[in-house]
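Engineer: Here it is, the structure, as structure tokens.
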Amino acid sequence: MKFHIEKLDYEGRGISREKDKVIFIEGALPGEEVEASKIKEEKHFELYKATQILKPALKRRTPFCPFSKECGGCTFAMVSYENSLLYKKAIIEDLLKHNGLEHINIEIASSPKQTGYRNKISLKIHDNQIGYYKEGSHDFVPIANCLIALPAIQNLLEDVSLITIQEGAITIRSNNNDELLLIIESQEEPKFKEELIQKHKIAGIIWNEKCLYNSPFFFERLDHLLYKVSAESFFQVNTDIAEQIAKDILPFFKKEDIVYDLYCGVGYFSLKLARIVKQVIGIEINPKAILNATYNASLNNLTNTSFHVGKVEEILPKLPYKPSKVLVDPPRSGLAKQVLDVLLTSSINQIIYISCNPKTLVRDLKKLTEKYEIKSLKLYDMFPFTKHVEVCASLELKKC
Ligand SMILES: C[S@@+](CC[C@H](N)C(=O)[O-])C[C@H]1O[C@@H](n2cnc3c(N)ncnc32)[C@H](O)[C@@H]1O
């Protein structure tokens, strides 16, 4: 079938309309005429994949990665970096507008590295070959490289034959010092050639939660802070951009502030905040990450932090402190109702909301604007060329 693409949805898919139905088309850009085949049909929408671009957008170019069409991870591989940012900005503008949050200026922070930025990739292994599952499916796409991964990870991918596994999955993490943590899931015990250890800086190899080599963690040094990160703990995937976010938000905090760092992970923001403010209280669901956060505070000689393990929605309502400022950096699902309720019934001077999902961010902002005013909103391109963005909003208590 042929379609004309009006604009992009928040997942970076082309939107077209047929009578009362919305049609989402993967691999299509605004203004294009495409031939597409149906993938899925629901009551109010249909999902298609562009099979032929009949009238290409002026912005379309040859993708920067030879695997992008098959793997689908880099939704904007077929446009320039500058244009990918414009599309991402338009998506957020659209989301804000649809939720009645208009006249908000969106600033953009581009990524210093447009490729070779990701410090963590997760691959499938099939028939001793590495690859990704095609976006939204279980179709295996073999790859020889992933150009958005850090150079140390790309070098390892060239030597992946030094690891023998028939079927399974591998997550490769790295730090600024090119050290690599390999996390393997497989029914068979993986075998490694000695050359792997000789050629690459292997911080650790973990197989089904068992540490086979060195340590089940790595260290990351950023901005004179040292972070221990366990294999299971979250860490910001594009550290240049994470550092940019921190640089922008830290001036909001003052010496006398008591700050909640909700969804604190290994304490990435908590430690930076602890160097400035009176007290930082972090909450995080992952026990390994909370152990890391507690350890990281003492490793960096910071004594004004306390960390609580559990769900923010369960712990937050019971905490006795009176924070002056709150930083939230939730998972894609955004803030739970109980968390929004606490924020709406307390009088916090300032909330910094960092989000990796603009859809849930906008949903939560809409609610929070009952009591808080959005002072700034900035798109940080944490994940260049993919459909993902990081957005940071600063909110202040409304003056009555
Ligand atoms: C986007 S990460 C942010 C981590 C941290 N702020 C950082 O910069 O490294 C979200 C974190 O929320 C944690 N998490 C997910 N659901 C949670 C919940 N209901 N309560 C507390 N933490 C949660 C995850 O384990 C993850 O560490």
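Engineer: Considering each of Pro190, Pro216, Pro251 in turn, give the residue that is crowded, with 16+ Cβ neighbours inside 10 Å and either more than 21 Å from Lys124 (Cβ to Cβ) or not assigned by TED's automatic domain parsing to the domain that holds Ile125 (or both).
Structural biologist: Pro216
Engineer: Moving to a separate point now. Of the conditions (1) within 13 Å of the ligand (Cβ to nearest atom); (2) under 24 Å from Lys371 (Cβ atoms), Lys325 fails just one. Which one is it?
Structural biologist: So the condition that Lys325 fails would be (1).
Engineer: Right, something else. Checking the conditions here, which among Ile172, Ile130 is under 17 Å from Cys71 (Cα atoms), under 23 Å from the mean Cα position of the chain (by Cα), aliphatic (A, V, I, L, M) and assigned to a strand (DSSP E or B)?
Structural biologist: Ile130
Engineer: Among the residues of region 236-275, which ones are away from the ligand (no atom under 13 Å from the Cβ) and under 13 Å from Arg221 (Cα atoms)?
Structural biologist: Asp240
Engineer: Next question. Residue check: is Val326 part of a helix (DSSP H, G or I), out of contact with any His (no Cβ under 9 Å at 6 or more places or on another chain), surrounded by 14 or more Cβ atoms within 10 Å (Cβ to Cβ) and assigned by TED's automatic domain parsing to the domain that holds Lys254?
Structural biologist: No.
Engineer: Sticking with this structure for a sec: Quick check: is even one residue across region 16-26 within 24 Å of Gly131 (Cα to Cα), in contact with a strand residue (DSSP E or B) (Cβ under 9 Å, 6 or more places away or on another chain) and of a type in the set (Gly, Ala, Ser)?
Structural biologist: Looking through region 16-26, none of the residues is within 24 Å of Gly131 (Cα to Cα), in contact with a strand residue (DSSP E or B) (Cβ under 9 Å, 6 or more places away or on another chain) and of a type in the set (Gly, Ala, Ser).
Engineer: Find all pairs meeting these conditions: Cβ atoms under 6 angstrom apart; at least six residues apart or on different chains; first residue within region 231-249 and modelled with pLDDT of 95 or more; second residue among the small types (Gly, Ala, Ser) and within 11 Å of the ligand (Cβ to nearest atom).
Structural biologist: Ser233/Ala289; Phe234/Gly265; Gln236/Ala242
Engineer: Looking only at region 276-314, how many residues end up being assigned to a loop (DSSP other than H, G, I, E, B) and near the ligand (Cβ under 10 Å from one of its atoms)?
Structural biologist: Result for region 276-314: 4.
Engineer: When only residues in region 333-363 that are more than 13 Å from the ligand (Cβ to nearest atom) and part of a loop (DSSP other than H, G, I, E, B) count, which is surrounded by the fewest Cβ atoms within 10 Å (Cβ to Cβ)?
Structural biologist: Looking at the filtered set, the residue picked out is Ser347.
Engineer: Consider region 17-32. How many of its residues are under 12 Å from Arg60 (Cβ atoms) and either among the acidic types (Asp, Glu) or free of Cβ contacts under 8 Å to residues at least 24 places away in the same chain (or both)?
Structural biologist: 1
Engineer: To continue, here is another question. Working only within region 222-233, note down all residues that are in contact with an Asp or Glu (Cβ under 9 Å, 6 or more places away or on another chain) and surrounded by fewer than 18 Cβ atoms within 10 Å (Cβ to Cβ).
Structural biologist: Asp223, Leu226, Glu232
Engineer: Still on this model: If you go through region 147-164 one residue at a time, do you hit one that is within 30 Å of Ile25 (Cβ to Cβ) and assigned to a loop (DSSP other than H, G, I, E, B)?
Structural biologist: Yes: one or more hits.
Engineer: Can you say whether Leu316 is surrounded by fewer than 19 Cβ atoms within 10 Å (Cβ to Cβ), among the aliphatic types (A, V, I, L, M) and at pLDDT 95 or above, as far as the supplied structure shows?
Structural biologist: So Leu316 does not fit the description; no.
Engineer: Oh, and also: Considering region 337-365 alone, what residues qualify as being over 29 Å from Phe383 (Cβ atoms) and among the hydroxyl-bearing types (Ser, Thr, Tyr)?
Structural biologist: Across region 337-365, the qualifying residues are Thr345, Ser346, Ser347.
Engineer: Restricting the search to region 296-326, which residues are among the hydrophobic types (A, V, I, L, M, F, W, C) and within 21 Å of Ile351 (Cβ to Cβ)?
Structural biologist: Phe307, Val312, Ile315, Leu316, Leu319, Val326
The values are calculated or read from the model by the stated rules, or taken from the named source; none is laboratory data. Values in this document were obtained by computation on a predicted structure and should not be read as measured data. FYI the Cβ positions are ideal-geometry reconstructions off the backbone, even for glycines, and counts take in every protein chain you see.
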